[in-house]
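Here is the structure we will look at, set down as structure tokens.
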Amino acid sequence: MESMSFDWQSPIEQSHPPAQIEEVKDHPYEYDVFVIGGGSGGISAARWASTLGKKVALADFVKPSPIGSTWGLGGTCVNVGCIPKKLMHYAGILNEAKEDQEFAGIHVEKQAPHNWQKMVQSVQKHIKSLNWGYKADLIKLKIKYFNSYASFLDPHTILLDNGKTQSQVTADKIVIAVGGRPSYPGIPGDKEFGITSDDIFSLKNPPGKTLVVGASYVALECAGFLTALGYDTNVMVRSILLRGFDQDMANRIGQYMENHGTNFIKGAIPTKLEKPDPNGRVIVTYEQEGELKQEQYDTVLFAIGRYALTQGLNLDRAGVKSETNHKFKVNDVEQTNIPHIYGIGDVIYGQLELTPVAIKAGKLLAYRLYGGKTEKMDYINVPTTVFTPLEYGSCGYSEEDAKNKFGAENISTYHTEFRPLEWAYNKGRPEGECYVKVLVNKLDDERVVGFHICAPNAGEITQGLGIAMKCGVTKEQLDSCVGIHPTIAEDCIGLKFTKEENPDASKGGC
Ligand code: FAD
Ligand code: NDP
């Protein structure tokens, strides 16, 4: 998120400065807009509404995690999500690169243990600077900031509680952007002895032997950097890896992680956590294939999904209907069932939980409300990357979904395995770990409907392919682009062999 300077970091320094706050109102309320939640989506909506001349207020409040972790303004991404995660992912890459560096003539002390405290200190220092930057931006944009917990008193009135005092404000329009928090499994000892992604990035002591419970984005990313940093890392998988993603790719990522030291405990769920000795390890009881087993760990990290933070909002007082998982539905202009109340970001039912999605939805909402624009958020073909040690980038349909949607006979899956040139230093790196596939619809000019890559820097490559897919790129157009040599990205163009005709991707790599 940090690098999204076009609309995240400093709109005040961009071409159009904030307009003067309008004195004339067409409503009886104190604010034109009140935003609940100062994360990716909320700050974006607030800053663009303010830039468009509206009187805006925003409340952000973080309740501590069960073990007491708390943080500043900016929401999940900045404090306990994308930013610390990517920095630790990079730390892992640096550590793993030690193997290659020796062959490049750079002598490194491979046995030196990783200094966890140093890394956490650096990461937290960076986060504090971002927290400060967001606060300064709100001040410059004349957005009234309340470091208070907000809830509804009625459809236009918000109660603000900062733990010491309570106050009320009214607003014409209200944007709910409260995001979510990590779930716990509800087993004995989970909150007492377990932690989540809310805690891992500020953990004071090295995690040691770690059990990560869960098998999706957060679990695999955290397990990935912990393994890469040298910690004994174990992932407890209930069913499959990366549900919702292309399963061929998910299994490749899992295989890479396994080859590089992550231990997977498959078909298992934890049933109990105990710590009889306060200075000892956590004893985890788990069930696998009908059998109860036990293992001891220094750290147990639950990464089993997230719930929306709407329970304390008193949505019923505003009339907003929520779904069973506490999220709520919005229409195609992010409006809830109550016309002046909107929702953006992770709180929306059935939508993607990604920072750029929340930021863009917030900006578009402000422009539709106050900027005379009509553009709606397009949730289709949003590129994403799982930052595992070998990154997995994807955009569009998975192979399974593309074949279901368009008919298996109408999809061609161009693919190849490849080896980045950089890996030539280290002959110990096996063949066949990097892989790309491009799914095209034969009935529509061979238009690209899915792109999947596991490779170093897959995120950077997938961003480019995402732009091309947004423009409706066909296989022919992709191939007409001249490659940049020698890069990994050039392996994505000019693919000759299809999986249907040549299932062995290593043969397609010549
Ligand atoms: P949030 O950023 O969660 O902000 C909501 C804010 O509202 C919070 O500060 C919360 O405390 C506050 N709040 C809640 N209730 C109230 C209330 N009643 N009153 C006042 N304030 C309240 N996405 C990516 O695109 N790329 C990544 O690499 C990535 N990595 C991630 C890694 C992890 C470990 C996690 C957990 C998430 C990651 N995400 C990533 C997802 C991304 O962080 C979220 O999609 C994004 O932060 C959602 O923004 P939001 O505005 O909806 O909510
Ligand atoms: P997800 O909901 O994506 O995955 C939850 C995982 O936990 C699944 O593997 C699920 O298994 C498992 N699980 C659920 N309940 C239990 C249980 N009781 N016991 C054991 N395992 C369980 O959640 P995440 O927290 O990984 O991610 C949340 C969202 O955050 C993502 O959807 C993503 O949008 C966003 N995010 C984005 C990132 C990025 O852009 N790089 C990085 C991190 C997060 P099963 O499949 O069996 O249900």
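The values are calculated or read from the model by the stated rules, or taken from the named source; none is laboratory data. All of these numbers come straight from a predicted model, not from anything done at the bench. Counting neighbours? That spans all protein chains shown, and the Cβs are built from the backbone with ideal geometry, glycine included. Side chains included, ligands, DNA and RNA excluded: accessible areas come from the protein's heavy atoms. Shrake-Rupley method; radii C 1.70, N 1.55, O 1.52, S 1.80 Å.
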On average, how much accessible surface per residue is there in segment 64-117, in Å², for a 1.4 Å probe, leaving out ligands, DNA and RNA? 51 Å²
Name the residues whose placed amide hydrogens come within less than 5 Å of the amide hydrogen of Tyr397, ignoring near sequence neighbours (fewer than 5 apart) on the same chain. Gly450, Phe451
Output the 0 to 90 degree angle, nearest 10, between the alpha-carbon long axis of helix 247-259 and the longest principal axis computed from the alpha carbons of the chain. 70 degrees
Which angle from 0 to 90°, rounded to the nearest 10, does the C-alpha axis of helix 458-470 make with the longest principal axis of the chain? 70 degrees
In segment 22-130, the GluC sites (Glu not before Pro) that fall in loop regions by DSSP, at most 11 other Cβ within 10 Å: Glu23, Glu109
Using 1/(1 + (r/R0)^6) with R0 = 30 angstrom and r between the beta carbons of Asn337 and Glu295, what's the FRET efficiency to the nearest 0.05? 0.05
With a ≥ b ≥ c taken as the square roots of the eigenvalues of the C-alpha gyration tensor of the chain, please select rounded if a/c is under 1.5 and otherwise prolate if a/b is larger than b/c or oblate if it is not? oblate
When you count, for each residue, the other Cβ atoms within 10 Å and take the mean per peptide, how do 376-388, 33-45, 351-363 rank with the highest first? 33-45, 351-363, 376-388
The long-range amide H neighbours of Leu495, using H built 1.01 Å from N in the peptide plane and a cut-off of under 5 Å, are none
Roughly how far apart, in whole Å, are the Cα centres of segment 243-274 and segment 106-162? 31 Å
Carbon + sulfur, % of accessible area of segment 391-492 - ligands and nucleic acids excluded, 1.4 Å: 53 percent
So if we plug the beta-carbon distance of Ala112 and Ile240 into 1/(1 + (r/R0)^6) with R0 = 35 Å, what FRET efficiency do we get, rounded to 0.05? 0.40
Express the accessible area of segment 391-492 per residue in Å², computed with a 1.4 Å probe while the remaining protein chains stay in the model. 46 Å²
Determine the share of segment 190-304's accessible area contributed by carbon and sulfur atoms, expressed in whole percent, with a 1.4 angstrom probe. 44 percent
Distance between the C-alpha centers of segment 375-404 and segment 417-486? Whole Å please. 13 Å
Roll a 1.4 Å probe over the protein chains and send me the accessible area per residue for segment 248-375 in Å². 48 Å²
Where does the chain land at 222 nm, in deg cm²/dmol rounded to the nearest 500, when only DSSP H runs of n ≥ 4 count, each adding -39500 (n - 2.57), divided by all residues? -8500 deg cm²/dmol
Amide H contacts of Ile269 (H built 1.01 Å from N, under 5 Å, at least 5 apart or other chain): Glu287
